[in-house]
Amino acid sequence: MASPTLLWFRDDLRLADNPALRAAVDRGEPIIAVFVLDEDSPGIRPFGGAARWWLHHSLESLGARLREHGVSLVLRRGPADPVIRDLVADTNAGAVFWNRRYGGAARAVDAGIKSALRAEGVEVASFAGSLLHEPWTVTTGSGTHYSVFTPFWRSCLALPAPRAPLPEPRELSGLQSAAASDALNDWSLLPTAPDWAAGLRDTWEPGEPAARRRLHEFLLDDLPSYDRARDEPSAGATSFLSPRLRWGELSPFTVWDKAVDVEGAGGFLSEIGWREFAWHTLYHFPDLATKNLRSEFDAFPWPPLDPSHLEAWQYGNTGVPLVDAGMRELWHTGFMHNRVRMVTASFLIKNLMIDWRLGEEWFWDTLVDADDASNPFNWQWVAGSGADAAPYFRVFNPELQAKKFDPARLYISQWAADAPTDPIVDLGETRKAALNAYDVVKRSPRK
Ligand code: FAD
């Protein structure tokens, strides 16, 4: 009697370079593929609106590709532990395979399922598919984790080179109708009333085939000018691969493999390194989205929240052109250029003096690439409270940033042509106030 393999898809919605899938094929039994929409397990952060939109389409694409191979994608909703264990019992699965996750809550869920299933005699194996280096393998000379990027990345580069990506398996065999599935539409991941996703539809095509096409195009057209043009938001010179990596439509091993031998790719590859560093940091500091990594920032004297300022920032109505352009790009497309992410975040934290966590939450809800590590890591980087962070006293001046990186105002006119022109705060005065508030942090002892 067949003892199928349950293949649990999570942040790895692809067939190529998917080590859990490879192992499932090698096991030689029929495969049952499953995705669980888990918004209920303790500590698991429910997806934001833009992420839900992406997930819907990426699952649709993955489901279609699996069907071509005769495998159906089973969709289930609920806390992963009972959902996976029930599915194993119902299908008589003899093995469960997945690619690893690195957030604290996700690891706790996975460890619980692993030990419960093993106790029942089910084979469980997890694989490295989402990071080039497992976070616990990158350690300082004294065996601790890194809190500064440059030595972290140097240490990664000194490790054995990342493995070659695995080809997409040719032969899959699935158990048709082995298990009942929810209908994707019943999950209501897409916005309806109102449908705010028109800009996302115009901008993106989620799914592995489009991800591979974009990688190819980037390597050919944009990588050669990446170092020169990556900071110009109107240039479209970056890879736009962040949602692809976030949802695992592409693996970092594939990106690495294709880029590593390209002359001048070092700058781009070190950005992939920042992604690794963000996950490394989250692995060692699971509360990254809620707690200051540098505890002396707990003393920061945030003034009472002015909701009208927060709202002006969210919808791009601050009267500061580069900030408004960025926030409008985000609202329209689910994406924002990296330099502008830094400027908008700095403006919220340092000119509006609004707690970085509120900005992080807005990005979490509106970015198609929002992930548990990169989003809070970068917010803490801008706030000055994070790992290898920009010092707090470095307050981006949005006007100078616009002059430097958008000198012809192409980006500003594309996104903020009709935005207000009267700034809601005085940039110079608020900068001074922020620096005064920072003095309190400086005087506060590090715990
Ligand atoms: P490229 O310049 O082509 O870089 C290649 C890849 O490297 C990216 O796709 C991404 O995976 C990785 N990368 C680049 N910069 C960073 C970085 N600073 N930190 C981590 N990884 C990086 N990135 C996310 O993927 N998800 C987020 O939720 C996220 N939130 C952010 C919030 C703030 C406040 C800031 C300042 C940055 C944030 N970033 C986040 C990082 C960065 O802005 C995006 O990864 C980048 O803009 C994506 O565009 P790209 O794919 O064209 O990047």
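The values are calculated or read from the model by the stated rules, or taken from the named source; none is laboratory data. In this text the structure is predicted, and so the values were computed from the model without any measurement. Because the Cβ atoms are built from the backbone with ideal geometry, glycine has one as well, and the counts that use them run over all protein chains shown. We work out accessible area using only protein heavy atoms, side chains counted, and drop any ligands, DNA or RNA first. Shrake-Rupley method; radii C 1.70, N 1.55, O 1.52, S 1.80 Å.
Within segment 226-259, the set of residues being over 17 Å from ASP12 (Cα atoms), free of Cβ contacts under 8 Å to residues at least 40 places away in the same chain, within 12 Å of the ligand (Cβ to nearest atom) and in a helix (DSSP H, G or I) comprises just one member, ALA229. Inside segment 330-342, residues that are surrounded by fewer than 24 Cβ atoms within 10 Å (Cβ to Cβ) and within 13 Å of the ligand (Cβ to nearest atom) make up a count of 6. The residue list ASP355, ASP372 contains one member that is under 14 Å from ASN292 (Cβ atoms) and either outside the structural domain of PHE149 (by TED's automatic domain parsing) or surrounded by 15 or more Cβ atoms within 10 Å (Cβ to Cβ) (or both), which is ASP355.
Listed conditions (1) within 13 Å of the ligand (Cβ to nearest atom); (2) outside any helix (DSSP H, G or I); (3) open to solvent by less than 10 Å² (accessible area, probe 1.4 Å) are all met by LEU223, apart from (2). Please indicate, with yes or no, whether at least one residue in segment 74-84 is of a type in the set (Lys, Arg) and without any contact (Cβ under 8 Å) to a residue 40 or more places away in the chain. No: zero hits.
When each of GLU29, GLU39 is tested for being more than 26 Å from the chain's Cα centre (by Cα), open to solvent by 10 Å² or more (accessible area, probe 1.4 Å) and of a type outside the set (A, V, I, L, M), the lone residue that passes is GLU29.
The set of residues in segment 163-172 that are surrounded by fewer than 15 Cβ atoms within 10 Å (Cβ to Cβ) and in contact (Cβ under 8 Å) with a residue 24 or more places away in the chain comprises ARG163, ALA164, PRO167, GLU171. Is it the case, given these coordinates, that VAL323 is under 18 Å from VAL395 (Cβ atoms) and either assigned by TED's automatic domain parsing to the domain that holds GLY248 or within 10 Å of the ligand (Cβ to nearest atom) (or both)? Answer is no for this residue. Is it the case that ASP406 is farther than 22 Å from LEU305 by Cα, within 9 Å of the ligand (Cβ to nearest atom) and buried (at least 18 other Cβ atoms within 10 Å of the Cβ)? No; evaluated as a whole, the condition is false for this residue.
Being in contact (Cβ under 8 Å) with a residue 60 or more places away in the chain and open to solvent by 50 Å² or more (accessible area, probe 1.4 Å) is not true of ARG275. The residue that is farthest from LEU330 (Cα to Cα), counting only those in segment 396-421 that are modelled with pLDDT under 95 and touching a Gly at 6+ places or on another chain (Cβ under 8 Å), is THR421. Restricting attention to segment 285-312, which residues are under 22 Å from the mean Cα position of the chain (by Cα) and within 16 Å of the ligand (Cβ to nearest atom)? Passing the criteria: PHE285, LEU288, ALA289, THR290, ASN292, LEU293. Considering every residue within segment 151-162, establish whether at least one is in a loop (DSSP other than H, G, I, E, B), surrounded by 13 or more Cβ atoms within 10 Å (Cβ to Cβ) and modelled with pLDDT of 95 or more. Among the residues of segment 151-162, at least one is in a loop (DSSP other than H, G, I, E, B), surrounded by 13 or more Cβ atoms within 10 Å (Cβ to Cβ) and modelled with pLDDT of 95 or more, which makes the answer yes. For segment 136-150, a residue qualifies if it is open to solvent by 60 Å² or more (accessible area, probe 1.4 Å) and small (Gly, Ala, Ser), and the qualifying residues are GLY141, SER142, SER147.
When ALA89 is tested against the conditions (1) within 30 Å of TRP364 (Cα to Cα); (2) open to solvent by 40 Å² or more (accessible area, probe 1.4 Å), the lone failure is (1). Looking across segment 408-447, the residues that are outside any helix (DSSP H, G or I) and hydroxyl-bearing (Ser, Thr, Tyr) come down to THR421, SER444.
Checking each residue of segment 256-266 against the condition of being in contact with a His (Cβ under 8 Å, 6 or more places away or on another chain) and either at pLDDT below 95 or buried (at least 21 other Cβ atoms within 10 Å of the Cβ) (or both) gives no match. Considering segment 304-319, the residues that are under 27 Å from LYS442 (Cβ atoms) and either assigned to a helix (DSSP H, G or I) or touching a residue at least 60 places away in the same chain (Cβ under 8 Å) (or both) include one that is least open to solvent (accessible area, probe 1.4 Å), namely TRP313. Taking the numbered list (1) over 24 Å from the mean Cα position of the chain (by Cα); (2) buried (at least 18 other Cβ atoms within 10 Å of the Cβ); (3) among the polar types (S, T, N, Q) in turn, THR238 passes all entries but (1).
Would you confirm whether or not segment 82-97 contains a residue that is closer than 23 Å to ARG246 by Cβ and either outside the structural domain of ASP26 (by TED's automatic domain parsing) or touching an Asp or Glu at 6+ places or on another chain (Cβ under 7 Å) (or both)?
No: segment 82-97 contains no residue that is closer than 23 Å to ARG246 by Cβ and either outside the structural domain of ASP26 (by TED's automatic domain parsing) or touching an Asp or Glu at 6+ places or on another chain (Cβ under 7 Å) (or both).
The number of residues in segment 343-401 that are in a helix (DSSP H, G or I), within 10 Å of the ligand (Cβ to nearest atom) and within 19 Å of LYS432 (Cα to Cα) comes to 9.
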